[in-house]
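The values are calculated or read from the model by the stated rules, or taken from the named source; none is laboratory data. Just so it is clear, the model here is predicted, and its values are computed rather than measured. A quick note on method: Cβ atoms are made from the backbone with ideal geometry, for glycine too, and the neighbour counts reach across all protein chains shown. Ligands, DNA and RNA are excluded from the accessible area calculation, which covers all protein heavy atoms including side chains. Shrake-Rupley method; radii C 1.70, N 1.55, O 1.52, S 1.80 Å.
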Amino acid sequence: VVEAYEALRDETIEQYDFILSKGLKVKKHNGVGEPYKNSKEMLADIRDNNTLKFLPNEVAFGQEKTEKSDRIGLQPSGRTLEDGYEMTLSEVFRVVHDYFGHGILGNQFGAIGEENATLQHLDLYSAKALPAVVFQTRGQNSWVNYSGANTEAKKLQKQAKEENNAE
């Protein structure tokens, strides 16, 4: 497990550095809610502006006191944004996941799109890293889309979408 997560860390950093070398501008989302209304909007931002906004950990997971030493994803990545913000490893993975997992084939958000994004990663990570990649991506997909933990949030999203369409 340790070796898989170390490989995930190292390979994710390599992939992040690669996409930055191609000119991608990465920005921390400072607004309320998700950085994009949907996957189409994110894909357009990548395609048209070569920009990708990510949801920072304190928004994605809350600000509770968490011991970082035993959570590899919460450790500093050594990668900083223009404003000096140092990203955690999970934030770097979030960028790599959205760029490669969703961006290459246009995989949408949602249960099927997230599974397709996981499958996209199978070609981008080593055999050593894959157990950690699959655990992280399928685990997140299971929690977000199948656990019921987001039932209320999904109702509110649907209601907001309906209200916006009515206007």
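Key figures
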| quantity | calculated |
| --- | --- |
| Subset of segment 110-130 [closer than 18 Å to Ala4 by Cβ and modelled with pLDDT of 75 or more] | Leu122, Asp123, Leu124, Tyr125, Ser126, Ala127, Lys128, Ala129, Leu130 |
| Condition broken by Glu163, with the remaining ones in (1) surrounded by 11 or more Cβ atoms within 10 Å (Cβ to Cβ); (2) at pLDDT 65 or above satisfied | (1) |
| Long-range neighbours under 6 Å by Cβ, at least six apart or interchain, first residue closer than 17 Å to Gln75 by Cβ within segment 9-23, second aliphatic (A, V, I, L, M) and open to solvent by less than 70 Å² (accessible area, probe 1.4 Å) | Arg9/Leu89; Glu11/Ala129; Thr12/Val92; Thr12/Val96; Tyr16/Val92; Tyr16/Val96 |
| Hits in segment 15-29 - residues which are out of contact with any Phe, Trp or Tyr (no Cβ under 6 Å at 6 or more places or on another chain) and surrounded by 11 or more Cβ atoms within 10 Å (Cβ to Cβ) | Gln15, Tyr16, Asp17, Phe18, Leu20, Leu24, Lys25, Val26, Lys27, His29 |
| Asn141 at pLDDT below 65, surrounded by fewer than 16 Cβ atoms within 10 Å (Cβ to Cβ) and not hydroxyl-bearing (Ser, Thr, Tyr) | no |
| Qualifying residue in segment 14-33 (condition: among the acidic types (Asp, Glu), at pLDDT below 90 and out of contact with any Ser or Thr (no Cβ under 9 Å at 6 or more places or on another chain)) | no |
| Pairs with Cβ under 9 Å, 6+ apart, first in segment 35-48 and closer than 13 Å to Leu105 by Cβ, second modelled with pLDDT of 90 or more and assigned to a loop (DSSP other than H, G, I, E, B) | Ile46/Leu24 |
